[in-house]
Amino acid sequence: MMMLTRKMIEIRSLLQTIGQSDSLTLPSIVVVGSQSSGKSSVLEAIVGHEFLPKGSNMVTRRPIELTLVNTAGSHAEYGEFPALGLGKITDFTQIQKTLTDLNLAVPEADCVSDDPIQLRIYSPNVPDLSLIDLPGYIQVEAFDQPTELKGKIQDLCEKYIQAPNVILAISAADVDLANSTALRASRRVDPRGERTIGVVTKMDLVDPVRGAQILTDKNYPLRLGYVGVVCKIPQETRSMFSRGSANISRAITKHEAAYFKSHPEAYSPESNTPVTVGTPALRKKLMHVLESTMSAALANTSEAIHHELAEASYEFKVQYNERPLSADSYLAESLDSFKHGFKRFTETFGREEVRNIVKRELDQKVLDLLAAKYWNRPIEYLKPIDPASEFVEEPLDSLPKADPENPLWHLKLDACSNSLVKTGIGRLATSVTAQALQNAVQGLLQDTTFASHPFAVQAISQACENILKDLSYETSDELEICVKPYKYRVNVSDAEWKVGRDNITESLKQELENCDKFAKSVEDSIGGRRRTRDVMAFIDRVRKGETVLEGNATGGAGGFSTELLNKGREAVFLRDRRDILRMRLMAVKSKQCSSPKNKYYCPEVFLDAVAEKLTSTADLFLDAELLSKFYYQFPRVLEKWGRELDESTVERFAREDPKIRRHLDVVKRKNLLEHVLKEMDSLRQLEAREKRSAPRG
Ligand code: GDP
């Protein structure tokens, strides 16, 4: 008997996790009653603990789906809120507080909510039961309560007291039953009194004879009958119960039993019209009624489950081609495909690619150095114009001519080469390579299913960054040591010179193209070629001292605004830079620059050759130290990351993608429904076994 109810309650809980559907559930016992009718006291007497929200104002605003699980053989008593994941709560005052908080979280304006709170209580002292506690009916709203409160509570209760649920209608003995809101509500939906249990509380407050009469009420006869109770913790023992720990059932039952025993004229089982009284009798009745009601509903529920399962299976087949999926498998697949992508990348990104990246960076450094030491006119060039200042600059043709005999030229080239070598090549080459790897990982992330999972993108990018950061420290220091010899002397062979010469020719051409592009955009911003030519001519004249800058009202000079003059300077600068670049290109291509012997004539070629040597050292080293180690470590760190994620995180990760979320939901629903059906089968077998072993007759 007990096992059957337990199993059915389990099935009911399982169905709850599947989702709200009226037909997809098993009946429960719904507890209704007016405020102060003693509803909480009855439930607490059954559970054995004070755990329901108390307060002068109405505090039950959401239904509480209470599942009682008998844990015979164990002493532990605790509660669980399955939806909150708070774990086992052994302190019942804590349960009371949580319930109060959950109820108070319903906005005042909404009055009540039909979203149930699920609470399970495990104890050796409770029967296996499933009860739904609803907000108590009120007669009139208190002055600080919303006016629609009464109606809303009624509507909520109305929804729950529908068939096939059993109604536990609580009324107080000291109030005329004809006025009991609970019984009136029940009568509306169960006019023949077939699924209502009448509970009459506070029997101690009425004369026993009158009490017995109430319990045999003929006005609204109930097939399941009335039960009279006294659910009050006797005042004298109340202090013995330190809040929330000791079980109060026994004290209540003892007090109650003593009361009914002291009035045998009305409550003796041997009396002419025996009545049912006492909390133990109520418990028994509840268990019995719940079991038979659930059993009766099984066939219908099973049909509804089959129907839902057919729908879920159809969706699974049509939408998802019956592809199995779980959050775990999805993560594993995503990781696998990412790792494959990464593997492919490692095959395409090696020493040669590192070389190109580093060389590109060093080429730019070489151009900057050349510009600063050889090609540039005074840096004043780029300063914004100030008409009040002296404005005489060296013209371009005054740049010093190359003079290989002059020791100053030797110093100049050595200084350049030195600063290139000392530029912090270790850090520079390592950081551009690490950045390239980081970018590649970002790109790969966007190409895989991870793209729609910000959580994973963030975690994987971070893992990648951390590994690269760690590897970079060592690599950059060690690389710095490797290039150290070049700080003292750099020998360039003929072959190396030739490569350098070809490469710098390309670089200069590229730089020239960039200057052209930039000059064009400056020209456009000035307002065309003609205007640009005019303002440049004015600046050239000023530079040669042929005219002076005389400020006008707008701060400009020569009929040009300050802004225009500044743009004009940029245009002049770019024109000069292009002239120099052309000149240097010619020089590099000239015969003089065909051999390393003439390196002082051709600083460009020499510096390029130095950059090339640095690059070769760097790419070899980075390939061995940074790439290989990163390619080894990263997939392993990913693997570990995936393995260490807890279940809820994996679930959250997978559900980030709405498509996957829908797929997972269908799979989960289908699995749960199949599981419930299996449970129902085993329930049927259990039922058959019990029937066979029940004594005949
Ligand atoms: P609820 O508002 O319906 O949940 O009612 P409560 O369970 O909070 O009870 C309201 C009041 O009635 C409380 O003060 C209880 O102590 C008291 N009460 C409950 N049951 C009994 C009973 O059987 N006898 C007596 N004398 N008082 C009771």
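The values are calculated or read from the model by the stated rules, or taken from the named source; none is laboratory data. Source: prediction; values computed, not measured. Cβ placement follows ideal geometry from the backbone for every residue including glycine, while neighbour counts extend to all protein chains displayed. In case anyone asks, the SASA skips ligands and DNA or RNA and just uses the protein heavy atoms, side chains included. Shrake-Rupley method; radii C 1.70, N 1.55, O 1.52, S 1.80 Å.
Things to note:
- Condition check for Y473: open to solvent by 60 Å² or more (accessible area, probe 1.4 Å) and either within 24 Å of D623 (Cα to Cα) or under 48 Å from the mean Cα position of the chain (by Cα) (or both): yes
- Pick from region 22-58, criterion open to solvent by 10 Å² or more (accessible area, probe 1.4 Å) and farther than 20 Å from A172 by Cα, ranking: farthest from the ligand (Cβ to nearest atom): S23
- Residue within region 625-639 that is of a type in the set (G, A, S), assigned to a helix (DSSP H, G or I) and open to solvent by less than 40 Å² (accessible area, probe 1.4 Å) present: no
- Long-range neighbours under 9 Å by Cβ, at least six apart or interchain, first residue within 19 Å of S180 (Cα to Cα) and open to solvent by less than 50 Å² (accessible area, probe 1.4 Å) within region 133-150, second small (G, A, S) and modelled with pLDDT under 75: L149/A142
- Within region 196-205, none of the residues are more than 30 Å from E50 (Cα to Cα), of a type outside the set (D, E) and either open to solvent by 10 Å² or more (accessible area, probe 1.4 Å) or in contact with a strand residue (DSSP E or B) (Cβ under 9 Å, 6 or more places away or on another chain) (or both).
- Scan of region 436-451 for residues that are touching a residue at least 60 places away in the same chain (Cβ under 8 Å) and surrounded by fewer than 14 Cβ atoms within 10 Å (Cβ to Cβ), ordered by number: D447
- Taken across region 586-605, residues that are open to solvent by less than 10 Å² (accessible area, probe 1.4 Å), out of contact with any strand residue (DSSP E or B) (no Cβ under 7 Å at 6 or more places or on another chain) and part of a loop (DSSP other than H, G, I, E, B) do occur, with at least one present.
- Of the set (1) at pLDDT 85 or above; (2) surrounded by 19 or more Cβ atoms within 10 Å (Cβ to Cβ); (3) touching an Asp or Glu at 6+ places or on another chain (Cβ under 8 Å), all apply to R578 but (2).
- Per the listing E322, E333, E315, E361, the residue uniquely part of a loop (DSSP other than H, G, I, E, B) and either open to solvent by 30 Å² or more (accessible area, probe 1.4 Å) or modelled with pLDDT of 95 or more (or both) is E322.
- Candidates I138, I170, I153, I132: the one that is within 14 Å of S34 (Cβ to Cβ), hydrophobic (A, V, I, L, M, F, W, C) and touching a Pro at 6+ places or on another chain (Cβ under 7 Å) is I153.
- Taking the listed residues T433, T505, the one that is more than 22 Å from Y631 (Cβ to Cβ), assigned to a helix (DSSP H, G or I), touching a residue at least 40 places away in the same chain (Cβ under 8 Å) and open to solvent by less than 70 Å² (accessible area, probe 1.4 Å) is T505, with no other qualifying.
- Within region 206-233, tally of residues that are touching a strand residue (DSSP E or B) at 6+ places or on another chain (Cβ under 6 Å) and among the hydroxyl-bearing types (S, T, Y): 1
- Only one of the numbered conditions (1) open to solvent by 20 Å² or more (accessible area, probe 1.4 Å); (2) over 30 Å from A371 (Cα atoms) is violated by A456, and that is (1).
- Selection from region 483-498 of residues that are crowded, with 16+ Cβ neighbours inside 10 Å and either among the hydrophobic types (A, V, I, L, M, F, W, C) or at pLDDT below 90 (or both): V483, Y486, V490, V492, W497
- Test: residue in region 685-694 that is loosely packed, with under 14 Cβ neighbours inside 10 Å, in contact (Cβ under 8 Å) with a residue 40 or more places away in the chain and of a type outside the set (A, V, I, L, M, F, W, C): yes
- For the residues R210, R192, R188, the requirement of being over 52 Å from the mean Cα position of the chain (by Cα), over 29 Å from Y259 (Cα atoms) and open to solvent by 20 Å² or more (accessible area, probe 1.4 Å) singles out R192.
- Looking only at region 199-222, and only at residues there that are outside any helix (DSSP H, G or I) and more than 27 Å from T293 (Cα to Cα), the one that is farthest from the ligand (Cβ to nearest atom): D207
- Flag if T196 is within 27 Å of P135 (Cβ to Cβ), within 14 Å of the ligand (Cβ to nearest atom) and modelled with pLDDT of 95 or more: no
- Residues of region 223-248 that turn out to be within 15 Å of the ligand (Cβ to nearest atom), modelled with pLDDT of 90 or more and part of a loop (DSSP other than H, G, I, E, B), as a count: 3
- Check on I132, within 16 Å of the ligand (Cβ to nearest atom) and under 29 Å from the mean Cα position of the chain (by Cα): no
- Residues of region 166-193 classified as more than 16 Å from the ligand (Cβ to nearest atom), touching a helix residue (DSSP H, G or I) at 6+ places or on another chain (Cβ under 8 Å) and either aliphatic (A, V, I, L, M) or in contact (Cβ under 8 Å) with a residue 60 or more places away in the chain (or both), total: 2
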